[in-house]
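Quick note: the coordinates plus some simple rules give every number you see, no bench work behind them. It should be emphasised that the depicted structure is a prediction, and the values quoted were computed from it without experimental measurement. Virtual Cβ from ideal backbone geometry, glycine too; neighbours counted across all protein chains shown.
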Amino acid sequence: MTPADKAALEQRLGHEFRDAELLALALRHASIAESRQKSNERLEFLGDAVLGLVACQRIYEKFPDLLEGEMTKIKSMVVSRQTCAQIGTDLGLQDLLSLGKGMKSPDAPLPPSLAAAALEAVVAALYIDGGLEVARRFLLPLLDERIVRAASSGHQENFKSILQHHAQQAYGATPVYSVLEEKGPDHAKHFHVQVRIQDRVFEPAWGASKKQAEQAAALEALRTLELMVLDEAGQAHLAKARKSSKPSETETAEKVAGPAREDATPSR
């Protein structure tokens, strides 16, 4: 990392490091380190805890009427590997990582997990170098909107759970997921997954891991079943229940996702 890169990153982080080596360590992957102890893995472990603490406190403060289980669902979405990868990528951390030659390939992008790990390591570095308030000041602008969105979405992006509940309620069956194709090197594989319920097969979807691909395939199925809709920003929401004398498919989905709550509005 050049001095110019370091200065630009510190500006994005809102903190000038007293210990420059700490920031360098946060961006040192195990593939190039002398040992795993000298890579960013230990910082990643600590950063995961700091990120969880900041997110949990914010959720606790914003939603005084939510119970533990509901807060846990929001937290799991906000600090998920996918969210961390997105934030890390937006910050350009994957471009600043020190990597071994085997990790660099012109034919395949770096796996999102590297950006996620780098974010957690950088959070730990902020915490060690500047304290909890510095880490909190960096994280809250990145988490606040995601926390509100997770609380209002009604599903916390667990599309597989909603689809399974609906399939069992409506058809007495369990969704079956199949990997149709794999692409990319071992460290950056992408998966093409399809889901079927009994004899009905739904549109497949790609993901950077089997888990992500299965969630994406479940969302495709839910959209086909008109249980989920996408808004203008591309965010998924439970579809509004149709008026009917019988419970609609959407109402069935709401039983597992949880109905919209008046007390889920952020407190001020």
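Odds and ends about this structure:
- Cut-off 16 Å (backbone N to label point 7 Å along Cα→Cβ of Ser209), residues of the stretch 53-84: 76-84
- Across Lys101/Lys211; Lys6/Lys104; Lys38/Lys101; Lys189/Lys211; Lys62/Lys211, pairs whose alpha-carbon gap is larger than 24 Å: Lys101/Lys211; Lys62/Lys211
- Least to most buried among Glu203, Glu34 (fewest other Cβ within 10 Å first): Glu34, Glu203
- Nearest-0.05 FRET efficiency for Thr2 and Leu67, computed from C-beta distance (R0 45 Å): 0.40
- Paramagnetic reach from Glu181 (point 7 Å along Cα→Cβ, amide N under 14 Å) across the stretch 200-221: 204-207
- Modelled spin-label separation between Ala33 and His237, with each label point placed 7 Å from Cα along the Cα-to-Cβ direction: 4.3 nm.
- Overall form of the chain: oblate. Here a/c, set by the Cα gyration tensor axes a ≥ b ≥ c, is 1.5 or more, and a/b is not larger than b/c.
- The calculated FRET efficiency for the pair Ala20 and Ser152, based on their C-beta separation and a Förster distance of 45 Å, comes to about 0.65.
- Taking a span of 18 Å or more along the helix axis (Cα atoms) and a mean Kyte-Doolittle hydropathy of at least 1.0 as the rule, the DSSP H helices of the chain that qualify are 112-130.
- Relative contact order of the chain, pairs being alpha-carbon contacts under 8 Å that are 6 or more residues apart, as %: 18
- Cα-projected label distance for Asp199 with Leu140, points at 7 Å along beta-carbon direction, nm: 5.8
- Expressed to the nearest 5 percent, the antiparallel share of DSSP beta bridges inside the chain is 95 percent.
- For the stretch 3-153, the fraction of alpha-carbon pairs lying more than 18 Å apart is 57 percent, rounded to a whole number.
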